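Notes to accompany the following structure.
The values are calculated or read from the model by the stated rules, or taken from the named source; none is laboratory data. What you see is a predicted model, and the numbers here were worked out from it, not measured in a lab. Neighbour counts are summed over all protein chains in view; Cβ atoms, including those assigned to glycine, are modelled from backbone coordinates with ideal geometry. To get the accessible areas, we keep the full protein, side chains included, count just its heavy atoms, and leave off ligands, DNA and RNA. Shrake-Rupley method; radii C 1.70, N 1.55, O 1.52, S 1.80 Å.
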Amino acid sequence: MTRENGPATTATNTAILNNRPAGDRSCDYLLRTWRELDLPEGWRAEIDEERIVLVPPFQAHHHAIVGRVQRRLYEVLPEELEIYQTLGVHVAPLDKLYVPDLVVMPSELIDTVDPESSDPMDVSEALLIVEITSKGNARDDRTKKYRAYARAGVPLYLLIDRFDTRGAMATLFTEPNEDGTYKRSDAVPFGKPLTLPEPFGTTLLTADFPV
């Protein structure tokens, strides 16, 4: 999902770090800065490798896939769970902050947060994270985010990759390891069904996904 930094973004990140108070850890300073950002509509900001990375609005097909996955999940979602878009999640072991396309976690965790808070949620509380690749940055979803979610113990990571060299693919990674890998993966090309285990117990119909 995350776009590669261009010169303007890199310069902004350098200025942010140079302006931090002496003795302030860069990750803490970046998190405070992230909370205070006023982004244009549709943009997101993530923290990766001690930089704030700006993520531009997505294309129409990206939104279409998000909508179809979300609709399918709502058909089977247990009452105590909720699906969130644009929810910041903190990967504490790696000092990273991502904004996945979809996050499923217990709604009680969100409901009990201070309503004025803009803090990210702990990614380890997520039951499922969904990322849909964009053309310029699919590698981040396949590598950096894969490792981060596995390291944090996210039990289910669904990667929908329209730009896989094998053709458009949907892959469900399960059984995370502390070394930043998943023990199991189930990959299907668009057009084949993909089974999601409990607590969802449903099948994604990837034939409905636009490429």
With the condition kept exactly as written, say whether any residue in the stretch 166-179 is free of Cβ contacts under 8 Å to residues at least 12 places away in the same chain and among the polar types (S, T, N, Q).
no
Quick one: would you say residue 165 is surrounded by fewer than 19 Cβ atoms within 10 Å (Cβ to Cβ), out of contact with any Gly (no Cβ under 7 Å at 6 or more places or on another chain), in a loop (DSSP other than H, G, I, E, B) and among the hydroxyl-bearing types (Ser, Thr, Tyr)?
yes
Can you pull out the residues in the stretch 50-90 that are touching a Lys or Arg at 6+ places or on another chain (Cβ under 8 Å), open to solvent by 70 Å² or more (accessible area, probe 1.4 Å) and closer than 22 Å to residue 143 by Cα?
86
Sole residue being open to solvent by less than 50 Å² (accessible area, probe 1.4 Å), out of contact with any Gly (no Cβ under 7 Å at 6 or more places or on another chain) and among the acidic types (Asp, Glu), chosen from 141, 119, 114:
141
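The rows are residues; the columns are (1) surrounded by 20 or more Cβ atoms within 10 Å (Cβ to Cβ); (2) more than 13 Å from residue 173 (Cβ to Cβ).
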| site | (1), (2) |
| --- | --- |
| 92 | no, yes |
| 130 | yes, no |
| 146 | yes, no |
| 153 | no, no |
| 158 | yes, no |
